[in-house]
Every structure is written in structure tokens, then in C-alpha cells.
């Protein structure tokens, strides 16, 4: 497949590339969100530890 | 085997194990997805009917598959958590929801983008897209219920009931939507079905689906670690984690 | 079923009905809502009966769905607030059966009036006379099933802020198959075609809900109360 054909996707570029972009965004977004969620849970645990909310 | 399972379900062990496993799943998924992208976008020949537009299948079908698969995983782990009172299972269910909802959204968006060149409109009430939309509502309802309940234990158990009710209804909903759709579309073939698919077209699709699944496992492991921390009542192993 | 459970169920049914009759203004709310919503469609679309006839099946069902959901919020709310619900849980009587009695009372007050007034509303939307029987039967099955589904939603959201809206979000996706079959039944009836298929499917959904919803609601109440 030629490079120009790759980019134009046989004329369907305006559909194909946004579809891939959206899916890529969803995947990357998931990764970022998962790590953020874990980070927040760590901070919460640190806080609960500090405030003595957790049993021995 | 039960001792191993029991050990696995114990929060500190799971926390450590998940932390070690997640990068492996993550990077393997990355390689598979990149490989599938190359196979689907470059190697596979254009479809004789849909041209290059059919390549959307490589992002639409895996997203749709994930949206359904994750819902079932969510409902199953919720049921396990409810019946056997295992906090880890509830943590898994809670973690599934945002991931599953995002894949459902991706399936809908890519489905619409696929529909426009094929049918001429940005949205069609075809059976599969409409079912996906209702699935999105089920996910959002689950997430909304969770966030409305302050007590984590009540939230776990109430949303578990909801997830089970939802999963039982998914086949009913899907069947009724398919039935409804055939009433009003006499002759049209569902173009969302894969075109008569050759091996060079099929392999990237399967690899992509595998890649997405492994990615889901990695995401789940990361999120569940956090959820397990949230549900922890005693200080002991958390202190070690902080150190 | 032990006699005491039967009595308990009957007592709850009578109690709920009696309490509702004291404030019957509230009882009328779902009915009035139903009437108002169905009036919106001619205003929004067209006064022509022929056009309304085309959308009547959907309009009747959507309006019935929405007003049932509006009513569902009140199933457990007052009992939860004054502690009666807790008493039911602790009473030692099968909670499933008690909730079924409550749901029955609730349907008599909110669902049945809709069913009874539906022929009039249907005529106002241009539905021909020969289809009215199907309108009534389909809405009868539909409102019964909706009351059962609503009880699950109510049990899950009891005591939560904005519980009513959340209840609707939770129950509506589950109610969509009913909407599809019910509206289709009326559509077929208007065209004087056989309606057995969708009606049987509606009946099947009702039976499914009747067997599983009370159990599920009971479990959900226990989770929400403890």
C-alpha cells in the first residue's frame, strides 16, 4: 500500500482516522485514569493512616 | 488449590502480586495492539465492497467485544463478592465499570463513524448499536448508584445486586432490540457484520482483540490495587506499602 | 405459606391502601402525570388524529413508563423514613412476601388507574375502537411488570439523596424490552393484525419479573437497611 493511500484510506480517511483516534484516546485515557485512581487511593490510605482511622 | 486461592484473595498478597504482574500484561498488550494496527491498516487488503472503510472493524469490534466481556466480568465478580463476601471481588467489580463504560463509548463512536460511509447517516438505530447504547446506560446506572452511596460496603452490595439484575437482562434486551430492528428494516443487511473475511483480514482482528483483553487485565490490576486499599480496615500491611 | 405470613401480607396490603386513601391527592399524581404527558404529544406534533395514530403506541407506553417510574419512588420512602421498613425486615415474616404485598398495593394505586383510563387516552390519540382491548391488556401487563421492576429500583435507592432520579436511570434500561413488545402489540392491533406474539412476550416478561423481582427487592432492602 502506498503512503498516500495509507493516509487517504481510499477516500474514507475522515471516518477511519477519527475512529482510530477515538479508540486510542480511550485506551490512553484508561491508562491515565487507572493510575490516577490508584494514586488517589494511596493518598487516601496515607491520610487514613495518619488520622488513626485504621485499626492495629 | 483453595489455599492458593485464599492467599491470592488476601489483600496484601494481591496488592504485591498485581503490582508485579500489571506491567507484563500492559507491555504485552501494547506490542499486540501495535502489531495488530500494522496488520490491519497496512497488510490487510481493502474490502471489495467497503474499501478501506472496513478497517474501522479493527477498533470497533474489539471495543464492542470488550464492552460486553467486561460487563460479564463485572457481574460475575459482583456476584462472587455478594455471595461469599469477598472484598477483593467487590473491588474487581468496581474497577470494571469505568473501563467497560469507556469501551462501550468507543464502540458507539466507532460504530457511528463506520455507519456514515456505509449507510449515509451518522446514527442508525440498528440492533447492535442500539444494544450498545442500552449497555452504556446500564454501566452509567451502575456507576451512578455506586457514587450515590457513601458507605462503601453498602455501595458494593447494592451495586452487586444491580449488576446481577443487569446481566440477567442483557440477553433479553439484546433479543428484543434485534426483534424490534428486524420489524422496521425489511431488506437491509446489517453492515456491521464483518465482510466475508479472509485470513489476512481476520488475524489482525484476533490479535487486536487479544491485545485489548490483556490491556483490560493490566488496567484492572492497577485499579483493583487502589480499590483494595480503599476497603482496607487495618493498618498493618498498608504501613508496609507506604514505606 | 404459614397462616401468619398470609395475614401479615394482607394486613400490609390493607394498611398501604388505607394510608393512601387518606392522602388520595398524592395517589392521583401518577395518573395526572400520565394525562399531561400524553397531552404533550398532540401539542408537540399535530392535532391530526391520523398522524397521532402512528405514534400512539409509543406515546401511550412511554407515558405509562414515565409515570410508573415517578410513582415507584414512593413505594418504600415513607416506610423507610418512619422506621416501618426496618420493622418489616426484623419481623420474622418472609420479607419477599411482605414486599410483594406492598408492591401489589402500590400497583393498585398507581398502575391500575392508568390501565383504566388508557382507553380514553388512546381514543384521544386516534386509536381505533377495535384496538382498545389490546391497549388495556398490554398496559395491564406492562404496569404490573413496571411496579415489580420499580420495587427493585426503590429498594436499591431507598434513603439516598436524589434517589428518585437515580431510580429512573436504573429501571429504564430494564424496561426497554417491555416498551418494544407493548408498543408493537398496540401497533399490530391498530392494523388489525394478530397480536399474540408480542402479548405472549409481554406476559413472559411479567412472569419473569413476578418470580424474581420480590426476591431481589428483599435482598436489596436488607442491603440498604443494615
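In the set (1) surrounded by fewer than 23 Cβ atoms within 10 Å (Cβ to Cβ); (2) over 17 Å from the mean Cα position of the chain (by Cα); (3) farther than 22 Å from residue B:139 by Cβ, residue C:206 fails one condition alone, (2).
Here residue C:148 fulfils each of the conditions (1) more than 8 Å from chain B (Cβ to nearest Cβ); (2) over 16 Å from residue C:68 (Cβ atoms); (3) crowded, with 24+ Cβ neighbours inside 10 Å apart from (2). Flag: residue C:172 matches the condition of being closer than 20 Å to residue B:179 by Cβ, at the interface with chain B (Cβ under 8 Å from one of its Cβ atoms) and surrounded by fewer than 24 Cβ atoms within 10 Å (Cβ to Cβ).
If you go through the stretch C:112-125 and keep only what is surrounded by 18 or more Cβ atoms within 10 Å (Cβ to Cβ) and under 20 Å from residue C:54 (Cα atoms), you end up with C:118, C:121, C:122, C:125. The sole residue among C:76, C:69, C:31, C:17 that is within 25 Å of residue C:87 (Cβ to Cβ), at pLDDT 90 or above and touching a helix residue (DSSP H, G or I) at 6+ places or on another chain (Cβ under 6 Å) is C:76.
What about residue A:34, is it modelled with pLDDT under 95, facing chain B (nearest Cβ under 7 Å), buried (at least 19 other Cβ atoms within 10 Å of the Cβ) and closer than 30 Å to residue B:110 by Cβ? The answer is no for residue A:34. Of all the numbered requirements in (1) surrounded by fewer than 16 Cβ atoms within 10 Å (Cβ to Cβ); (2) within 7 Å of chain B (Cβ to nearest Cβ), residue A:47 misses one, and that requirement is (2). Among the conditions (1) crowded, with 24+ Cβ neighbours inside 10 Å; (2) facing chain B (nearest Cβ under 8 Å), the only one that residue C:221 does not satisfy is (2).
Residue-by-condition table, conditions (1) surrounded by fewer than 16 Cβ atoms within 10 Å (Cβ to Cβ); (2) touching a residue at least 40 places away in the same chain (Cβ under 8 Å); (3) over 20 Å from residue C:164 (Cα atoms):
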| site | (1), (2), (3) |
| --- | --- |
| C:20 | no, yes, no |
| C:27 | no, yes, no |
| C:32 | yes, no, no |
| C:44 | yes, no, yes |
| C:62 | no, yes, no |
| C:67 | no, yes, no |
| C:70 | no, yes, no |
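Go through the stretch B:94-110 and count every residue that is closer than 17 Å to residue B:228 by Cβ and either free of Cβ contacts under 8 Å to residues at least 24 places away in the same chain or within 11 Å of chain A (Cβ to nearest Cβ) (or both). Summing the residues that are closer than 17 Å to residue B:228 by Cβ and either free of Cβ contacts under 8 Å to residues at least 24 places away in the same chain or within 11 Å of chain A (Cβ to nearest Cβ) (or both) in the stretch B:94-110 gives 4. Pairing residues of the stretch B:158-175 that are facing another protein chain (nearest Cβ under 8 Å) with residues that are not in a helix (DSSP H, G or I), at Cβ distances under 8 Å and at least 6 apart in sequence or on separate chains, gives B:158/B:149.
Count of the stretch A:12-28 residues, restricted to those that are in a helix (DSSP H, G or I) and within 7 Å of chain B (Cβ to nearest Cβ), is 9. Here residue C:186 fulfils each of the conditions (1) within 9 Å of chain B (Cβ to nearest Cβ); (2) over 29 Å from residue C:99 (Cα atoms) apart from (1).
The values are calculated or read from the model by the stated rules, or taken from the named source; none is laboratory data. Predicted model, so just to flag it, every value in this text is computed and none were measured. FYI the Cβ positions are ideal-geometry reconstructions off the backbone, even for glycines, and counts take in every protein chain you see.
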